[in-house]
Amino acid sequence: MVPLSRRRGQVSSIREESDSPPVDRLTRVHSRHFDKETTSLLFVVRIGHCWEDEQSCMDHRDTSTDVLCVGLVTVGKMSKVVWIIGILLRMCCVWVCNGQGEYVLYKDPNQKVSDRVVDLLGRMTLEEKIGQMVQIDRSVATINVMRDYFIGSVLSGGGSSPLPQATAQNWVDMINEYQKGALVSRLGIPMIYGIDAVHGHNNVYNATIFPHNVGILTWLRGLEQQLQSKSEPLGFHTPLLLALQDPRWGRCYESYSEDHKVVEDMTDIILGLQGEPPSNYNHGVPFVGGRDKVAACAKHYVGDGGTTRGVNENNTVTDVHGLLSIHMPAYADAIYKGVSTVMVSYSSWNGEKMHANTELITGYLKGTLRFKGFVISDWQGVDKISSPPHSNYTASVRAAIQAGIDMVMVPFNFNEFINDLISLVKSKAIPITRIDDAVSRILLVKFTMGLFENPLADYSFSNELGSQAHRDLAREAVRKSLVLLKNGNKTNPMLPLPRKASKILVAGTHADNLGYQCGGWTITWQGLSGNKNTRGTTILGAIQSAVDHSTEVVFSQNPGAEFIKSNNFSYAIIAVGEPPYAETAGDSDKLTMMDPGPAIVTSTCQAVKCVVVVVSGRPLVMEPYVASIEALVAAWLPGTEGQGISDALFGDHGFSGKLPVTWFRNTEQLPMSYGDSPYDPLFAYGSGLETESVASIVARSTSASAASTKPCLVTVLCLFLFPSLSRVFLRR
């Protein structure tokens with residue numbers, strides 16, 4: 001064997017002897033000699049920051065960790081030694097050295113994660129530790145920033161993408177560019193890329209947009225684990241574990257239900273995102289089960305679904321029992337299932353900002369619940385500890401870190417945060433033990449995710465973006481989440497609709513608007529209007545595809561009464577609801593349909609039998625219109641797959657969804673939840689009519705008809721014994 005080279009001069013001489021460019025691949029054949037008896041391979045392996053699927057190790061990274069391993073292996077008739085290749089490669093990839101040839105434990109994937117964390121932490125400077133505690137927005141991230149400030153994480157906030165209509169490949173390239181900046185830092189600590197995945201990776205053009213959480217009901221057992229399981233290896237800021245108490249809140253659609261038990265059940269999404277821990281796993285410790293999984297983030301801790309009057313970032317007033325019985329159970333369940341991170345809420349509990357609440361973050365979350373992952377702030381959440389925001393930033397930083405926040409989302413002014421925190425530690429206002437605890441938790445998640453072995457995203461899933469399989473799954477989610485609130489009467493139901501009719505009307509503000517279907521957190525933070533922002537099928541398009549070819553479909557967003565009467569429509573389908581919004585922009589005391597929705601419903605339903613499909617992130621005022629509506633469907637915010645709605649309207653599949661929240665009569669009743677006294681809603685929590693598919697109805701009808709034409713044994717005996725009765729039977 002050629003000796004292991006550790007001196008830079010030897011490295012240079014080997015490169016100069018080769019006609020190939022400088023070695024920049026995990027394994028590169030340097031020269032070959034072939035004869036009839038043997039095949040000799042002289043290969044060069046570059047050691048340092050090597051990873052499994054990246055074809056090249058960057059030449060521009062810190063060269064102090066470069067080592068070349070040169071070996072001559074003979075195969076052919078000497079095939080007995082071919083195993084040397086595997087052994088040598090394994091040794092080279094595991095026996096990672098620094099510039100002096102010292103074994104580096106934290107780079108060895110065969111070591112315990114806890115030992116790797118301790119080893120790496122002991123090598124870090126204060127600046128490197130604090131850099132790991134920072135999450136910045138991608139708009140300020142560069143290779144130099146990642147390298148020079150040792151940044152621990154980058155995120156894409158709502159609408160933050162590489163470029164307009166960026167492809168999956170563009171996303172992978174962008175993420176890898178930032179990652180390479182992290183890898184060329186002194187210790188080569190990879191970063192985590194964070195995504196606000198409110199209903200899928202909703203920033204990506206042409207991605208399949210699933211229904212918002214309020215429409216992903218817990219009755220979809222098994223489906224919730226599939227919803228986001230095919231993603232790049234990132235950190236996803238989801239699931240949202242808020243128990244909704246007031247629909248006036250602008251984040252209502254981010255909740256699964258007003259029932260904390262339903263929210264608990266929906267923590268199964270964590271198993272879909274991260275994988276399911278083995279039975280002997282240490283609960284409370286983060287778990288990520290492979291390269292096709294991502295790190296989940298439970299948010300927003302805790303009580304944000306119960307703020308006064310549903311005002312975003314407001315105060316939740318409740319006693320300890322109310323907090324622990326309504327708002328806390330889902331977090332305990334998430335931690336048991338191995339959630340990697342927890343994000344703190346903007347809101348306050350009885351007047352104390354959650355971002356500064358030591359009792360609930362360090363005491364209860366990390367202590368009582370034994371959460372071992374890391375706690376992250378919300379977007380500029382530390383700034384909002386003071387009033388007005390950022391007015392006493394240094395004090396806010398101290399309060400947040402001392403409360404137990406480990407990583408701070410400082411989207412833009414990261415220099416200020418880093419400098420303040422360094423000063424606070426050096427002045428002993430914050431003990432170094434608190435910093436070490438925070439960084440240990442961050443490193444634990446990174447090692448658990450396998451980022452040190454596979455830091456770079458690849459293209460293996462890029463072709464699956466917007467695939468038919470994903471769209472079929474979303475379509476199923478849509479049709480199963482629809483809630484049928486009214487359907488004519490028992491003897492004369494409106495649904496399912498006949499596909500074959502002379503002429504039907506499709507109307508309403510939301511019938512032909514993909515942006516409205518998807519709602520907020522779609523391509524941009526607040527959402528968009530129109531059909532050109534991403535790819536999908538509108539409700540109108542779905543109806544046109546579903547009806548018989550002989551049926552004339554007339555679309556008019558706001559038809560007049562005379563137009564309706566003069567056209568003699570067989571029936572009308574009206575889609576109305578809310579405009580897109582997110583967070584505070586969605587706070588509302590009125591909760592009414594956007595104009596001219598009320599006028600469209602009133603004029604149309606008075607002139608023709610109509611089905612009203614409500615596209616909204618929450619219950620709206622509908623009591624004044626219910627009497628004139630023949631059939632009423634709550635479609636929530638269904639996303640890009642409008643065919644899920646037509647599937648149910650025309651009977652390809654029956655309705656089965658139930659209300660996850662109480663549908664009030666008027667806003668004066670709010671807040672109102674199931675179990676309150678008095679409780680007099682328009683539609684109670686858990687309401688939802690069920691229908692059969694047309695195929696089931698036909699099969700049942702055919703079976704019943706066949707049975708009715710077969711004379712029973714008693715009839716046959718009577719006809720045989722009393723022939724005179726046969727005339728009566730035949731007349732019947």
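Please treat every number below as a calculation from the coordinates, not as lab data. Because the structure is predicted, anything quoted here is derived from the model rather than measured. Cβ coordinates were reconstructed from backbone atoms using ideal geometry, including for glycine residues, and neighbour counts include every protein chain displayed.
Ranked by Cβ crowding within 10 angstrom, fewest neighbours first, how are Asp292, Asp647 ordered?
Sorted ascending by nearby Cβ count, the order is Asp292, Asp647.
When a/c reaches 1.5 or more, the comparison of a/b and b/c decides; with that in mind, is region 468-691 rounded, prolate or oblate per its Cα gyration tensor?
rounded
Counting only other residues whose beta carbon sits under 13 Å from that of Leu497, what net charge do I get with K and R as +1, D and E as -1?
Net local charge, Leu497 excluded: -1.
Near Lys486, which lysines are there with a Cα under 25 Å away, not counting those fewer than 8 places off in the same chain?
In chain and number order, the partners are Lys500, Lys503, Lys565, Lys590, Lys609, Lys658.
Hey, fewest Cβ within 10 Å first, where do Phe655, Phe555, Phe452, Phe412 land in order?
Phe412, Phe555, Phe452, Phe655
Along the positive direction of the dipole of region 468-691 (beta-carbon charges: Lys, Arg +1; Asp, Glu -1; about the Cα centre), which of Pro580, Gly560, Pro671 reaches farthest?
So the residue we want is Gly560.
³J(HN,Hα) across region 649-663 via Karplus (A = 6.51, B = -1.76, C = 1.60, θ = phi - 60°), whole Hz, x for Gly/Pro?
4, 9, x, 4, 9, x, 7, 9, x, 10, 5, x, 9, 6, 9
Are any of the pairs Lys299/Lys372; Lys293/Lys337; Lys129/Lys428; Lys107/Lys293; Lys337/Lys384; Lys261/Lys480 more than 25 Å apart by Cα-Cα distance, and if so, which? Could you put the intermediate results ahead of the total?
Details: Lys299/Lys372 16 Å; Lys293/Lys337 14 Å; Lys129/Lys428 16 Å; Lys107/Lys293 21 Å; Lys337/Lys384 31 Å; Lys261/Lys480 20 Å.
Where the Cα-Cα span goes over 25 Å, the pairs concerned are Lys337/Lys384.
What's the exposure ranking of Asp548, Asp378, Asp304, going from fewest to most Cβ atoms within 10 Å?
Numbers: Asp548 10, Asp378 23, Asp304 30.
With the sparsest Cβ surroundings first, the list reads Asp548, Asp378, Asp304.
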